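For reference, the structure discussed in these notes is given below.
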Amino acid sequence: MTDVTTLNNRFGIQDHLSFTTDANGMVYAQIKNRLAEAHIAVQGAHLLTWAPTGQVPVIWLSEAAKFAPGKSVRGGVPICWPWFGPHPSQTSFPAHGYARTVPWEVIASAATKEGATRISLRLIVSEATRAQWPHATPVELHLTIGNALECELITRNQGQTAVTVGDALHTYFAISDIRNVEVLGLDGLEYLDKVGPSTLRKQQGAVRFASETDRIYLESVDDCIIADPGLKRRIRIQKRGSRSSVVWNPWIEKANKMGDLGDAGYLKMVCVESTNAAADVVNIAPGGEHRLWVRYSVEQ
Ligand code: BG6
């Protein structure tokens, strides 16, 4: 792992970006520019927080989140890659792939002329990752942190055969109260309801929450909006390179079993994930690439 001094020398930018470490040896990028503030764990390329200047945070991070090598963090923007959900055949492989729990490296940083900060990270391939994914598919995350947040996950196939990838930006959004928010943009779509036996249903109107919700919306390509009257804001989710969206809230019982969601944490978060999930996996030909891109912004 590159030490923090080296990272600061190579990628630090005054009035934009610096690196710190904690007692567990986890390394973080701290971004503060005139447009926004954000924190990123280098492990997992995991964006933990993002708040445009003058706003309450848009991304939710559990007060009980654990930060340790090899562990996933509850909240932020976990990266699911190179599969989404359970592995299609290997039950011992981790749910949502391994990208969120392995070391990544910083490969670039920049300040934009608009005042935003860019940082790019690449997953470090190791014997352990090769054991689960023996394909030559470097993956990078490019983040732009300003008054909007842009995340682009790029998978390149440098091998000789096609590969099938599932992925997601599994974003936890901060909300006033799950019982009072609505998710718009999914009306009329079919979804796989994963609560209980998997069932295909059709969305009518806005998505509202009154119990555990775990759904894969199919053919979801339009913007989603989280309408939050309590915080008097709407979060707009734009995306490309994704034809499915997952909407998830564990509700109280599952949250209590998870142990890292915090007291009543489930009330304060909703995941609206831009995914390539279920049948919406991506085939990448040799020499080809796949880009999963999202842009989050706040409207008042
Ligand atoms: C969602 C899945 O994407 O992630 C849920 O649809 C899952 O089924 C949730 O429970 C959280 O997953 P994890 O592995 O971070 O606990």
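Applying the Karplus relation 6.51 cos²θ - 1.76 cosθ + 1.60 with θ = phi - 60° to the stretch 183-197 yields 3J(HN,Hα) values of 10, 9, x, 10, 3, x, 8, 7, 9, 8, 8, 9, 7, x, x Hz, where x marks Gly and Pro. Model label points for L184 and R122, set 7 angstrom from Cα along the Cα-to-Cβ axis, are 4.2 nm apart. Among residues other than V281 with Cβ under 13 Å from its Cβ, the summed charge is -1 (Lys and Arg +1, Asp and Glu -1).
The trypsin sites (Lys or Arg not before Pro) found in the stretch 135-229 that occupy coil by DSSP, while having at most 12 further C-beta atoms within 10 Å, are R208. Checking the cross-link pairs K71/K202; K32/K66; K66/K202; K66/K268; K71/K268 against a 29 Å limit on the alpha carbon distance flags K71/K202; K66/K202 as lying beyond it.
Using Cβ point charges alone (K and R +1, D and E -1), the dipole size of the chain about the Cα centre works out to roughly 120 debye. Shape of the stretch 233-274 from the C-alpha gyration tensor: prolate (a/c of 1.5 or more and a/b above b/c, with a ≥ b ≥ c the square roots of its eigenvalues). Evaluated with a Cβ-only charge set (Lys, Arg +1; Asp, Glu -1), the stretch 189-300 carries a dipole of roughly 280 debye about its Cα centre, given to the nearest 20. Residues in the stretch 149-157 carry Karplus couplings, in order, of 10, 10, 10, 10, 9, 10, 10, 10, 9 Hz; the curve used is 6.51 cos²θ - 1.76 cosθ + 1.60 with θ = phi - 60°, and Gly or Pro positions show x. Summing charges over all other residues whose Cβ lies under 12 Å from the Cβ of G205, with Lys and Arg as +1 and Asp and Glu as -1, gives 0. Rg to Rh for the chain: what is it, with Cα atoms only and Rh by Kirkwood? The Rg/Rh ratio comes out at 0.94. The charge dipole of the stretch 1-81, taken about the Cα centre with unit charges on the Cβ atoms of Lys, Arg (+1) and Asp, Glu (-1), comes to about 120 debye, rounded to the nearest 20.
Suppose only helical runs count, i.e. DSSP H with n ≥ 4. What mean residue ellipticity at 222 nm does that imply for the chain under -39500 (n - 2.57) per run, divided by all residues and rounded to the nearest 500 deg cm²/dmol? Display every interim value, and only then the final one.
Details: 3 runs with 22 residues, N = 300.
Dividing the helical sum by the residues of the chain leaves -2000 deg cm²/dmol.
When the chain is treated as a Gaussian network with alpha carbon springs shorter than 10 Å, the biggest mean-square fluctuation among P197, P134, P69 belongs to P197. Rounded, prolate or oblate: which one fits the stretch 155-300, using the alpha carbon gyration tensor with axes a ≥ b ≥ c (rounded when a/c is under 1.5, else prolate when a/b beats b/c, else oblate)? Here the stretch 155-300 falls in the prolate category. The string of couplings for the stretch 50-62 from the Karplus curve (6.51, -1.76, 1.60, θ = phi - 60°) is 7, 9, x, 3, x, 10, 6, x, 9, 9, 9, 10, 4 Hz, one whole number per residue in order, with x for Gly and Pro. In the chain, a dipole from Cβ-located charges (positive for Lys and Arg, negative for Asp and Glu) runs towards its positive end, and of H290, I79, T213 it is H290 whose Cα lies farthest in that direction. Toward the positive end of the charge dipole of the stretch 37-148, with +1 on the Cβ of Lys and Arg and -1 on the Cβ of Asp and Glu, the farthest Cα among L143, P69, L121 is that of P69.
Amide H to amide H, with H built 1.01 Å from N, V270 comes under 5 Å of F173, I175, counting only residues 5 or more places away or on other chains.
Values in this text are rule-based calculations from the coordinates and carry no lab data. Given the structure is predicted, the values throughout are model-derived calculations rather than measurements. Note that each Cβ is placed from the backbone with ideal geometry, even for glycine, and that neighbours are counted across all protein chains shown.
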